[in-house]
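The values are calculated or read from the model by the stated rules, or taken from the named source; none is laboratory data. Everything numeric in this text was worked out from a predicted model, so none of it was measured. With ideal geometry, Cβ positions are generated from the backbone for all residues, glycine too; neighbour counts draw on all protein chains shown.
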Amino acid sequence: MTANSKFSEAKSLRARSTVWIMRDGFQPDQLNQIKEALTEDGNHCVIFDRKGEAPALPKNKLLLVAVASGEASNLVEVMRSKTGGRDVPLLVYFNQTPENFEKVFGPEIDDFLFAPLSLRDLRLRVKRLTRRCLDEAQPVTQCLVSHINRADVMDARQRLLVHLGAQQFVGSAPAFWATIEKIPCVASCDATVLLVGNTGTGKELCARAIHYFGVRASKPFVPVNCGSIPLELFENELFGHEQGAFTDARQSRRGLIAESEGGTLFLDEVDSLALSAQVKLLRFLQERQYRPLGGHYRQADVRVIAATNQNLQEKVQSGAFREDLFYRLKVVSLHLPLLRDRREDILPLAMHFLKASAHEYKRPVTELSAGAMQKLTSYTWPGNVRELENIIRQAVILASGPIICARDLQLAIEVPESLESLFGESLKDAKARMIQEFERTYLEDALVACGGNISKAARRARKDRRSFFALLKKYGLLPGQSIERSSPSL
């Protein structure tokens, strides 16, 4: 059998992964995007209605993708009736956060997603569950692997992961790459990592890269926003519970640690944890053991990556964050720079988001105008990369043609027209104009500070009186003229 025939067989085997998607709860455009993305990954997608006739099931295992909202409690029962009671992996997309976590999440649900829908997260979860299905269902898989050099497969897999992961990082600024270049080294070990950076700088993207570049790539990556977990639910969310542990605990439920077993638990906004929750997290990090409510201690094989947009050292000094937990989390620390500190990356990032958004929304937008580029580079970007992505997405949708103009960019604080018109000037002309603006402002400030006394102002400026007088004449600031500032002091 040739190499081509082997991979053709592998492709046909992969296509046997069937994804049953319940139409109810998805928007039509969401459904199309999901089907297109999963089909590209080699899956066969079958759409069905919740109230319709149950689809005829093949003998082999399959993956079922469903959607649930407020009525999630009886979703599992309905899905099991559709699958004839078989043990079918169930992935649930919640288009709104369930109010009662205990009643919704149980062992019947294999994985879940929260709105807004992320195709990237969906594809990763589907790949993990379909891989499990095929491993259990197809003995031919082992036969196929025996014909392929396992070392070559692993090497190709690693190179592919690195290539795909590197594509997510756009930019060449030294401040940015000083952090990014450390990721392969950090990923190669299991040390706890603390990611520090303002909101929107890409902390979760960095965490995902660390996970997927490492040996845990085939295991789950479970992100959780610590600020969204109520204090009274923290222990249950993190550790889970056993049946009968408390009122209404009719069945056991796996916590986030169990969900991320073998993989990575990403704790975003870890600074928002209350002190009592910090104690529980610290004990887990020290012992690598946890106890579900009503259960016994269990060993955990989980890597922890935490992220914060606060200065944790200051919070430690103020008593708002435990010092021992801070050092447990900060075995390795990576800092993500502000977008305004990597201005050379603004336009490459903008073009990256433009192409991605144009493809996603099927819009014929291909480039940025000179005015749009100047407007983007002149803005301070308080929301960092996330704000830039949002602005470009909006502009792609609103653009009336193939080019995004300055007026299509709806910034929170508009850039002055004088700055927009700067782009297109030669470097020489722009430099001369800025020097003139500086000289005039400096002269005005000097005269105001010296009460209009030219000799005194010249001495302070370390210029002889004749040269200083000539500059005043050049800018129309003659003796006897009332001096008013034409622009703020630099």
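Remark: pairs (first residue in the stretch 248-262, more than 16 Å from Leu281 (Cα to Cα); second residue among the hydroxyl-bearing types (Ser, Thr, Tyr) and at pLDDT below 90; Cβ separation under 9 Å; 6+ apart in sequence or on different chains) = Gly262/Ser218. Name every residue in the stretch 275-308 that is over 16 Å from Ile210 (Cβ atoms), free of Cβ contacts under 8 Å to residues at least 60 places away in the same chain, surrounded by 15 or more Cβ atoms within 10 Å (Cβ to Cβ) and not charged (D, E, K, R), in order of residue number. Hits for the stretch 275-308 are Ala277, Gln278, Leu281, Leu282, Phe284, Tyr290, Pro292, Leu293, Gly295, Ala300.
Is it the case that some residue within the stretch 405-428 is touching a Ser or Thr at 6+ places or on another chain (Cβ under 6 Å) and at pLDDT 85 or above? Among the residues of the stretch 405-428, at least one is touching a Ser or Thr at 6+ places or on another chain (Cβ under 6 Å) and at pLDDT 85 or above, which makes the answer yes. Taking Glu259 as the residue in question, decide whether it is of a type in the set (Asp, Glu), touching a helix residue (DSSP H, G or I) at 6+ places or on another chain (Cβ under 8 Å) and outside the structural domain of Leu347 (by TED's automatic domain parsing). So Glu259 fails the test. Per the listing Leu388, Leu334, Leu376, the residue uniquely buried (at least 20 other Cβ atoms within 10 Å of the Cβ), within 17 Å of the chain's Cα centre (by Cα) and assigned to a helix (DSSP H, G or I) is Leu388. When we screen Glu360, Glu344 for residues that are acidic (Asp, Glu), closer than 22 Å to Ala412 by Cα and surrounded by fewer than 17 Cβ atoms within 10 Å (Cβ to Cβ), the only hit is Glu344.
Pick from Ala470, Ala458, Ala446: which is within 54 Å of the chain's Cα centre (by Cα), at pLDDT 80 or above, outside the structural domain of Leu376 (by TED's automatic domain parsing) and assigned to a helix (DSSP H, G or I)?
Working: Ala470 fails: within 54 Å of the chain's Cα centre (by Cα); Ala458 fails: within 54 Å of the chain's Cα centre (by Cα).
That would be Ala446, the only listed residue that is within 54 Å of the chain's Cα centre (by Cα), at pLDDT 80 or above, outside the structural domain of Leu376 (by TED's automatic domain parsing) and assigned to a helix (DSSP H, G or I).
For Pro479, the requirement of being at negative phi, modelled with pLDDT of 85 or more and part of a loop (DSSP other than H, G, I, E, B) is not met. Scanning the stretch 180-197 for residues that are closer than 19 Å to Leu312 by Cα and buried (at least 19 other Cβ atoms within 10 Å of the Cβ) turns up Val193, Leu194, Leu195, Val196, Gly197.
Which numbered condition in (1) surrounded by fewer than 20 Cβ atoms within 10 Å (Cβ to Cβ); (2) touching a residue at least 12 places away in the same chain (Cβ under 8 Å); (3) more than 16 Å from the chain's Cα centre (by Cα) is the only one that Gly214 fails? Looking at each condition in turn, Gly214 falls short on (1).
Do you know which residues across the stretch 380-400 are charged (D, E, K, R) and more than 12 Å from Ser357 (Cα to Cα)?
We begin by selecting, within the stretch 380-400, every residue charged (D, E, K, R); these are 386-387, 389, 393.
Result: Arg386, Glu387.
Regarding Ala350, is this residue assigned to a helix (DSSP H, G or I), surrounded by fewer than 18 Cβ atoms within 10 Å (Cβ to Cβ), under 19 Å from the mean Cα position of the chain (by Cα) and small (Gly, Ala, Ser)?
Working: assigned to a helix (DSSP H, G or I): yes; surrounded by fewer than 18 Cβ atoms within 10 Å (Cβ to Cβ): no; under 19 Å from the mean Cα position of the chain (by Cα): yes; small (Gly, Ala, Ser): yes.
Taking the combined requirement at face value, the residue does not satisfy it.
Kindly indicate which of Asp345, Asp324 is under 30 Å from Leu273 (Cα atoms) and in a helix (DSSP H, G or I).
Asp324
If we scan the stretch 282-292, do we find a residue that is assigned to a strand (DSSP E or B), touching a Lys or Arg at 6+ places or on another chain (Cβ under 8 Å) and not assigned by TED's automatic domain parsing to the domain that holds Arg125? So that I can check it myself, show each step before the final result.
We begin by selecting, within the stretch 282-292, every residue assigned to a strand (DSSP E or B); these are 289-290.
Subsequent filtering for residues that are touching a Lys or Arg at 6+ places or on another chain (Cβ under 8 Å) retains 289-290.
Checking which are not assigned by TED's automatic domain parsing to the domain that holds Arg125 leaves us with 289-290.
Yes: the stretch 282-292 contains one or more residues that are assigned to a strand (DSSP E or B), touching a Lys or Arg at 6+ places or on another chain (Cβ under 8 Å) and not assigned by TED's automatic domain parsing to the domain that holds Arg125.
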